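What follows is a set of notes on a single structure, which appears directly below.
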Amino acid sequence: MELNETHAVRRTRRSLLAWVRGDERVAFGLLAPSLFILALFTFYPMLATLVNSFFVTNIAGVTTRFVGLANYQAVFGDPVFIQSLTSTLVYVLAVSSLTVLLALTLARLATMKLRHIGWVRTAFASTMGMSAAAASILWLFLFNPSVGQLPQLMQALGWANANPLADGQGAMVVVVLVSVWLHLGFAFLILLSALQSVPQDYYEVAEIAGVSSLKQTLRITVPMVSPTLFFLFVVEVIASFKSFAEIDLMTGGGPNNVTNLLAYKVYLDAFGLQKFGPASAEAIVLTGLIALATWVQFRFTERKVFYG
Amino acid sequence: MVIAIEHLTKKFQQTTVLDDVSVEIQPGEFFVLVGPSGSGKSTLLRMIAGLTTVTAGQIRTEAGDLTRLPPKDRHLAMVFQNYALLPFLTVAENVRFGLENLGLSEAEKTVRVREALALVHLENLADRRPKALSGGQQQRVALARALATKADTILMDEPLSNLDAQLRAEMRTEIMRLHREIGMTLIYVTHDQVEAMTMGDRIMVVEGHRVQQVGTPLDLYNHPANTFVAGFIGTPQMNWFELTVMPDQRHYRLAGADTVRPLPMPLAAGQYRLGVRPEHLVTGRTRGPHALAVTVDAVQQLGDQTLVFAGDRVSATSGQLDVFVGESRYFTLPEAPDHWHLFSVATGARIGMEAATVGA
């Protein structure tokens, strides 16, 4: 017994010595600057948000009174929050699935052996270089009821309501459309590279067997690139939960809070209404939702992924 | 079903990949396309399959013109060099994948899959994934997928190139057995002339984007149409000599030698390229009218035959010959006119005995 303890003590001393002398110190030293920045701008705000969510604050955001879970109770009792939660789920589902579906379709088109396919690929990937703010302004003009081309086109096609942004459902559709458009370039590029690693033989076998193009996509492409599809879904869901610029610039959360998504509502409650406590509680709920959605995907979807 | 290929040409922009190919492939024939890589033989196969478009010419069968039909309407199956087995499907599912569009009931498909797997002796591995199989087994699955379709014609694109030598020999026999039992038309692409010679009913030699010769294996061996076919078919390769026939049409002189030797048959005067198969170039100790003195560079004892190398020439003698490196020997040209393969120096084309012989 005693012998064992001496061994343990020696081992500890040796590992401590190794730590002081060894590579770990150098490694830590090299990491220190980024750890410092992360701590200051990520870990501290996260922690502060968690703390704030249990307090009432004054108008400057300074905590004044501990209220326990009262902020969370208030948030879940707020019909606007519940509406925002529903809108967010609809938006996230629509944006992530439409983005991946469209990106897959475009990537399939872009792997065809055609002339000037390079130009097509560049065009499909181009939204990757577009900032959300610039894109929102661009689409805002396109949808502007007095000068925008799209309402005029919609009117010409016999659309009754030619100002979609003023209408609840219409605004949601536009916001989803713009978000999908924005996310598409990245998703397309990632899928294109995945698709290019699928051997051409597989499609030729299918071609000879008479498998239709759609079935080829479902039965060859999707399983072959399933790791990439899974990755994209996870990343897209997280990104959609965090959408802010499109909402802020295009709808301001309106009309009637239909497009008031969680990330935007947190901002409005905190910096519009100075309700820092409840806003912090909402932010924590949003973080929890993202974590839950990611866990669900890993738990249930990843089983269907074929890693080869 | 006779497959008639008429003046088939393929160009990629300015580059000609295949130039004016015509051939008729008979029903049930084992037809081999052979040639070095880049010769255009795979392109020809892919045009027959419909995977590559045709620039000019036609592919026809009794059923009509196939040239512009999509692959699925040509009633054929194809086996690829890399097997092209979907990694996430089991062996049975992979075979079933080839039956997609034949309008079979599910029960029929199951029967077809079982039959096809039995043909290639893989019944026991039906539920395995391709990754759990050896290369040879994977190729058998690919064969089963083609066989299950019961297509009249099966195209094979270098199906054995990724296998090691022993497996290749085994699969060669296997494919020949299946062909004999089922009797489908087989169009088979390979760059390996031994594979072509041992398997094909008829062989088409493709080189430089053109057809060099079509014929039975022995046709190609005994009567090569040009220097390319002569050199390509047969191992070890044909021996080459440059010779000049004297104006008397009875004697010749080899390039680089002063000796004037008598011809085995009279020939028109002029320059020729002479090809002699290694087994017709005799190694010996005695000097005769057609003998060339050589110093032995290398000897390969194969047991059933002995290969003697000297310079860029090789002589094959059946049996075990008592000869060592560094010894002096004589290589003797054949006496039989049949064993003299004469080609034009300018074009490389075969010069028929009838055309070259005079008087006689």
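Each value in this text was obtained by applying a stated rule to the coordinates, not by laboratory testing. Computed from a predicted structure; not experimentally measured. Here the Cβ is made from the backbone with ideal geometry for all residues, glycine too, and neighbour counts use every protein chain on show.
From most to least packed by mean Cβ count within 10 Å, the peptides B:158-165, B:275-282, B:40-47 give B:40-47, B:275-282, B:158-165. Modelled this way, with points 7 Å down the Cα-to-C-beta line, the labels at B:Ala56 and B:Ser105 are 5.2 nm from one another. Counting Lys and Arg as +1 and Asp and Glu as -1 over every other residue whose Cβ lies under 9 Å from the Cβ of B:Gly40, the net charge comes to +1. Pairs from the table (A:Lys113/A:Lys215; B:Lys11/B:Lys72; A:Lys113/B:Lys131; A:Lys113/B:Lys11; B:Lys72/B:Lys150) lying more than 21 angstrom apart at Cα are B:Lys11/B:Lys72; A:Lys113/B:Lys131.
Note: relative contact order over the range A:34-162, using C-alpha pairs below 8 Å and six or more positions apart, is 8 percent.
Here's the picture: a label point sits 7 Å out from the Cα of A:Leu109 along the beta-carbon direction, and within the range A:170-199 the residues with their amide nitrogen under 19 Å of it are A:177-196. Remark: A:Ile238, A:Ile247, A:Ile190 ranked as A:Ile238, A:Ile190, A:Ile247, counting other beta-carbon atoms within 10 Å and listing the fewest first. Stretching A:Ser97 away from A:Ser146 to a fully extended chain increases their span by 14.4 nm, per 0.36 nm per residue minus the current alpha-carbon distance.
Calculated from DSSP H runs of 4 or more alone, at -39500 (n - 2.57) each and per residue, what is the 222 nm mean residue ellipticity of the protein assembly as shown, nearest 500? Using -39500 (n - 2.57) per qualifying helix, the result is -13500 deg cm²/dmol. Projecting the Cα atoms of A:Leu218, A:Pro151, A:Phe230 onto the charge dipole of the range A:77-304 (Cβ charges, centred on the Cα centre) puts A:Leu218 farthest toward the positive pole.
Rank A:Lys215, A:Lys265, A:Lys242 by mean-square fluctuation in a GNM of chain A with C-alpha springs under 10 angstrom and give only the top-ranked residue. Looking only at A:Lys215, A:Lys265, A:Lys242, the largest GNM fluctuation is found for A:Lys215. Taking other C-beta atoms within 10 Å as the exposure proxy, B:Arg350, B:Arg287 rank B:Arg287, B:Arg350 from fewest upward. Top mean-square fluctuation among B:Ala169, B:Ala116, B:Ala144, Gaussian network model of chain B, C-alpha springs under 10 Å? Judging by the Gaussian network model, the answer is B:Ala169.
Long hydrophobic helices in chain A: the complete DSSP H runs spanning 18 Å or more by Cα along their own axis with mean Kyte-Doolittle hydropathy of at least 0.5 are A:23-38, A:79-110, A:168-196, A:226-241, A:276-296.
Ordered by the number of other Cβ atoms lying within 10 Å of each residue's own Cβ, fewest first, A:Trp181, A:Trp119, A:Trp159, A:Trp139 fall into the sequence A:Trp119, A:Trp159, A:Trp181, A:Trp139. All other residues whose Cβ lies under 11 angstrom from that of A:Asp201 are scored, Lys and Arg at +1 and Asp and Glu at -1, for a net of -3. Between B:Met1 and B:Gln305, the simple spin-label model (points 7 angstrom out along Cα→Cβ) gives 4.0 nm.
The relative contact order of chain B, computed from alpha carbon pairs under 8 Å that lie at least 6 residues apart in sequence, is 15 percent. Straight-line cross-link reach from A:Lys265 at under 19 Å between alpha-carbon atoms covers these lysines, not counting any fewer than eight positions away in the same chain: A:Lys242, A:Lys275. For a label point 7 angstrom out from the Cα of A:Phe300 toward its Cβ, which stretches of the range A:94-130 have the backbone nitrogen within less than 18 Å? Only A:94-98 pass the distance filter.
In percent, rounded to a whole number, the relative contact order of chain A is 26, using alpha-carbon pairs under 8 Å and six or more apart.
When the label point is put 7 Å from the Cα of B:Ser344 along its Cα-to-beta-carbon vector, which residues of the range B:224-260 have a backbone N closer than 19 Å? The answer is B:224-231, B:241-245.
Charged neighbours of B:Gln212, selected by a Cβ distance under 15 Å, balance to 0 (K, R count +1; D, E count -1).
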